[in-house]
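Below you'll find the structure, written out as structure tokens, and then a few comments.
The values are calculated or read from the model by the stated rules, or taken from the named source; none is laboratory data. This structure is a prediction, so every number in the text was calculated from the model and none was measured. A quick note on method: Cβ atoms are made from the backbone with ideal geometry, for glycine too, and the neighbour counts reach across all protein chains shown.
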Amino acid sequence: MKTYVIGDIHGCFAQFQKLLEVIKPDLRNDRLIMLGDYIDRGPNSYLTLQKIIHLQKEFGNQHVILLRGNHEQMAIDYLNTPTYLSNWSWNGGDSTLKDLQKHGDDLANYKDFLQRLPLYYEDEYFIYVHGGIRYGISLNEQKESDLLWLRGEFYRNPASEKKPVIFGHTPTRTINGAWKPYIHRNRIGIDTGCVYEGLLSALELVEGKIKTIIQVGKKEAA
């Protein structure tokens with residue numbers, strides 16, 4: 001079985017579609033893990049949500065693992081506390097609300113889906129999370145806020161977890177100066193900034209090793 005891991009989409013649906021066309025996952029046998037931040041900032045959050053929900057319904061949550069990102073959490077927080085809108089809007093939530101409205105849809109229709117998204121996933125080779133984890137704390141005791149929001153305290157930490165951690169959230173250009181995955185000290189960052197004129201990235205993993213890195217940008221998705 002192959003495992004494909006995709007970083008932050010942020011409504012970049014054209015690039016997401018192109019990436020799936022390139023990697024051609026056989027989701028009856030392979031596994032697709034997505035690290036969250038499907039919505040906000042980009043132009044097509046609605047289509048992105050429709051696609052990932054359809055994939056998980058068709059192939060099941062053992063073959064399509066959808067993690068929660070901090071932007072999904074902000075959407076949940078807005079639905080629970082409408083006064084939170086200003087904070088979410090500042091982080092790109094307006095684009096999601098406007099896109100849903102354009103399609104005659106409502107964010108409330110996705111509340112149950114968003115709340116069911118897990119905060120991390122672990123297999124025999126890797127730990128997958130949106131933001132980061134704190135060293136020395138078991139996964140089930142990690143703070144939700146760290147799993148969703150942690151940045152430098154995680155990826156700059158020289159300590160190593162029991163398994164390599166694959167994460168999104170922090171645009172790689174702020175870590176390694178480039179729109180390419182950050183691979184260092186058992187940390188693998190794959191938010192390669194699609195919504196910031198960067199690239200959307202996927203890792204192909206086979207038996208605990210990175211076999212291929214696949215990247216798609218605006219030109220390739222046109």
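Regarding residue 97, is this residue surrounded by 14 or more Cβ atoms within 10 Å (Cβ to Cβ) and more than 15 Å from the chain's Cα centre (by Cα)? Taking the combined requirement at face value, the residue satisfies it. Within the stretch 20-40, the residues that satisfy the criterion of being in a loop (DSSP other than H, G, I, E, B), crowded, with 24+ Cβ neighbours inside 10 Å and in contact with a helix residue (DSSP H, G or I) (Cβ under 8 Å, 6 or more places away or on another chain) are 36, 37, 38, 39, 40.
Name the single residue that is farthest from residue 35 (Cα to Cα) among those in the stretch 184-201 being part of a strand (DSSP E or B) and out of contact with any Pro (no Cβ under 9 Å at 6 or more places or on another chain). The selected residue is 184.
Filtering the stretch 17-43 to residues that are among the polar types (S, T, N, Q) and closer than 18 Å to residue 213 by Cα leaves only 17.
For first residues located in the stretch 24-36 and farther than 16 Å from residue 7 by Cα, partners that are of a type in the set (Lys, Arg) and lie 6+ apart or on another chain with Cβ distances below 9 Å form the pairs 26/2; 29/2; 30/2.
What do you reckon, is residue 198 more than 21 Å from residue 73 (Cβ to Cβ), at pLDDT below 95 and crowded, with 17+ Cβ neighbours inside 10 Å? For residue 198, the condition - more than 21 Å from residue 73 (Cβ to Cβ), at pLDDT below 95 and crowded, with 17+ Cβ neighbours inside 10 Å - is not met.
Within the stretch 90-111, being of a type in the set (Gly, Ala, Ser) and outside any loop (DSSP other than H, G, I, E, B) holds for 93, 95, 108. If you go through the stretch 201-222 and pick out every residue that is of a type in the set (D, E, K, R), touching a Phe, Trp or Tyr at 6+ places or on another chain (Cβ under 8 Å) and surrounded by 15 or more Cβ atoms within 10 Å (Cβ to Cβ), you end up with 1. Consider the stretch 49-88 and keep the residues that are over 20 Å from residue 144 (Cβ atoms) and in contact with a Leu (Cβ under 8 Å, 6 or more places away or on another chain). The one that is surrounded by the fewest Cβ atoms within 10 Å (Cβ to Cβ) is 58. Within the stretch 179-196, residues that are over 19 Å from residue 67 (Cα atoms) reach partners that are modelled with pLDDT under 95 and surrounded by fewer than 21 Cβ atoms within 10 Å (Cβ to Cβ) with beta carbons closer than 7 Å, at six or more positions or on different chains, in the pairs 185/158; 185/160; 186/160; 186/161. Just a yes or no: is a residue in the stretch 63-76 over 18 Å from residue 129 (Cα atoms), among the charged types (D, E, K, R) and touching a residue at least 60 places away in the same chain (Cβ under 8 Å)? Scanning the stretch 63-76, I find no residue that is over 18 Å from residue 129 (Cα atoms), among the charged types (D, E, K, R) and touching a residue at least 60 places away in the same chain (Cβ under 8 Å), so the answer is no. The set of residues from the stretch 141-195 being modelled with pLDDT of 95 or more, farther than 25 Å from residue 216 by Cβ and of a type in the set (S, T, N, Q) comprises 142, 145. Exactly one residue out of 170, 212 is in a loop (DSSP other than H, G, I, E, B) and β-branched (Val, Ile, Thr), and it is 170. Scoring residue 153 on the criteria (1) farther than 23 Å from residue 56 by Cα; (2) part of a loop (DSSP other than H, G, I, E, B); (3) acidic (Asp, Glu) leaves a single failure, condition (2).
Per-residue answers, yes or no, for (1) in a helix (DSSP H, G or I); (2) under 17 Å from the mean Cα position of the chain (by Cα); (3) among the hydrophobic types (A, V, I, L, M, F, W, C):
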site: 11; (1), (2), (3): no, yes, no
site: 18; (1), (2), (3): yes, yes, no
site: 42; (1), (2), (3): no, yes, no
site: 48; (1), (2), (3): yes, yes, no
site: 52; (1), (2), (3): yes, yes, yes
site: 65; (1), (2), (3): no, yes, yes
site: 79; (1), (2), (3): yes, no, yes
site: 88; (1), (2), (3): yes, no, yes
